[in-house]
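A short write-up of the structure that comes next.
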Amino acid sequence: MSVPTDTREAPDEAGRGAGHRAGHGADEILLAFTRALRAAGVGVTSDRAQTFLAAASVVGLDDVDATRWAGRATLCAGPDDLVRFDQVFEAWFNARDGLPRTVPTPPTAPTASQLPESDAAGGAGSEADADLVRAMASDTEVLRQRDVAGMTHHEKARLAAMFATLRVRPPRRRTPRHQGWHRGDVDAARTLRASLRRMGEPSEIAWRRRATRPRRVVLLVDVSGSMSGYADALLRLAHRITLATADAAGRAGSVETFTVGTRLTHLTRAMRLRDPERALVAAGETVPDWSGGTRLGESLRLFLDRWGQRGMARGAVVVVFSDGWERGDPALLAEQVERLHRVAHRVVWVNPHRGKAGYAPVQQGVLAVLPHVDDFVAGHSLATYTELCEVIGRA
């Protein structure tokens, strides 16, 4: 399938066309392989796929081992990806059928003749490959729905790689300024200036609308003992929201992260590190009260006194991750959440037990805050984190 590289004899126009079509067909097969990897749970981005195509063209598709190692080096981001890569590679590039395996094309018209044995075997292999990919995709979907606290260490490692697939759309707010747009209100000043440039001749009408900018998001993560099973996943979620919002908005500083427990800790600097593992290590070195008690009311009061009313929470989307187990006075917690609700644009309370069967809000802390929150959502799995990102984006 590789394109001839011997240049001793110049090919004719037909030879160049055939080589181009062969290379184009090989690229389509390789891209289809990357899509199969993505369906199997490997985080293959478009940049990685293009890098794989370039590497495969260098090593040559005739070399099975070289193509495999090129894919492992460019498409995999962790040990779990290597296992899934090898499984999909064996299914997709069957050495008995040659490398790469061609994609069967449907017949132009149905026939009643019996298929040859080789074609029948190829069809069975295609069905087996499709079943393998569907099984891997189903396993990934099951993992997305699993409760984070009940996962094994291996499953949590797989889940950590899946946080990069979360799509985060930062909330936006309107500003007093206007910007040009294709519809909206008539921009009289721009229309008049355009007419003056044409010596008073009529010109196209200019339109404008109110400009928007990212709305600040404040994340308060409970790291007390009752939330210890979710703390790692919630901090990974906070890291993902921080980086995705900064990339989408083109500016840092629109997401602030704090941990609450027996004390309040400002964690934004650690969350801005690009590498998630380094960010979590930095968070672990910063937070002094892992798996301790819960004083939500006192922590929220400190946050509002020191940061919130000075501007950080004013007009922001504030997300509180907590199960509501309050060691202090629930009346103080209710007072502080009501105070937070008055200055924030929207208050979202994320309870990891909210989405479980049979759950009822019976904790004193939850009962105290429910009248003062805008959204009370679940937060125990990757699927619920996806829904939470949509809630934040719509705020």
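Residues whose amide H comes within less than 5 Å of that of residue 207, counting only those at least five positions distant or on another chain, are 181, 187 (H built at 1.01 Å from N in the peptide plane). Remark on residue 319: its backbone amide H falls under 5 Å from those of 218, 219, 220, 348, a criterion applied only to residues 5 or more positions apart or on other chains, H modelled at 1.01 Å from N. Which far-off residues, 5 or more places away or on another chain, put their amide H under 5 Å from the one on residue 178, with H placed in the peptide plane? Residues meeting the criterion, in which the H sits 1.01 Å from N, are 211. Under the classification rounded if a/c is under 1.5, otherwise prolate if a/b is larger than b/c and oblate if not, where does the stretch 268-388 fall, given a ≥ b ≥ c as square roots of the Cα gyration tensor eigenvalues? Taking the square roots of the gyration eigenvalues as a ≥ b ≥ c, the stretch 268-388 is rounded.
Can you compute the FRET efficiency between residue 90 and residue 374 using 1/(1 + (r/R0)^6), with r the Cβ-Cβ distance and R0 = 41 Å? Round to the nearest 0.05. With a Förster radius of 41 Å, E is 0.25.
If the segment from residue 156 to residue 367 were pulled out straight at 0.36 nm per residue, it would be longer than the present Cα-Cα gap by 72.8 nm. Between the stretch 32-54 and the stretch 264-304, the C-alpha centres lie 35 angstrom from each other.
Expressed as a whole number of Å, what is the distance separating the alpha-carbon centroids of the stretch 335-395 and the stretch 155-230? Each part's Cα centre sits 25 Å from the other's.
We did not get these values from a lab; they are worked out from the coordinates using the rules stated. Since the structure is predicted, the reported quantities are computational estimates derived from the model, not experimental observations. Ideal geometry is used to build each Cβ from the backbone, glycine not excepted, and the neighbour counts take in all protein chains shown.
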